[in-house]
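Undergrad: I am attaching a structure below and will ask some questions about it afterwards.
The values are calculated or read from the model by the stated rules, or taken from the named source; none is laboratory data. This one's a predicted model, so the numbers in the text were calculated from it and none came from an experiment. With ideal geometry, Cβ positions are generated from the backbone for all residues, glycine too; neighbour counts draw on all protein chains shown. Remember, those area values only see protein heavy atoms, side chains included, never the ligands or the DNA or RNA. Shrake-Rupley method; radii C 1.70, N 1.55, O 1.52, S 1.80 Å.
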Amino acid sequence: FTTSMNIHPRLQAIEARCLGLVKEGVSRYGYAAFHAVLREFCFHAGVPQFEQVGLGPPFAVPCLKWLWDFQNMVDSFILAFIGLRSIATLHDLEAELVTMLNSFC
């Protein structure tokens, strides 16, 4: 994941902090969830909601937008996978999810 360097310095600093939180979550838990990263950022920034940072919605931060989109893509795939099968195993889900992710990433 890379971001454009032509962003406002304040937004760039928030982007760097959020990327750090994503990496921290992945190294600690094996994954990073949008709401967990957002909650952790707001806690450290001392604000109850991201909008109080003054940059608009969290999607103004490229890595948060990417994480939101990625998480929703995985969630949608899992719901469709389960909905289209009367019997499904985690093994089958994992194999098909990896195939789908490899085609997008």
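Undergrad: Hey, among V74, V61, which residue is β-branched (V, I, T) and under 15 Å from I14 (Cβ atoms)?
TA: None of the others qualify; the one that does is V61.
Undergrad: Looking only at residues in region 14-32 that are among the small types (G, A, S) and not in a helix (DSSP H, G or I), which one is farthest from D75 (Cα to Cα)?
TA: Taking the candidates together, the pick is G30.
Undergrad: State all residues of region 93-105 that are open to solvent by 70 Å² or more (accessible area, probe 1.4 Å) and assigned to a helix (DSSP H, G or I); if no residue qualifies, say none.
TA: E94, E96, V98, T99, N102, S103, F104
Undergrad: Could you tell me how many of the residues in region 33-84 are part of a loop (DSSP other than H, G, I, E, B) and open to solvent by 40 Å² or more (accessible area, probe 1.4 Å)?
TA: 7
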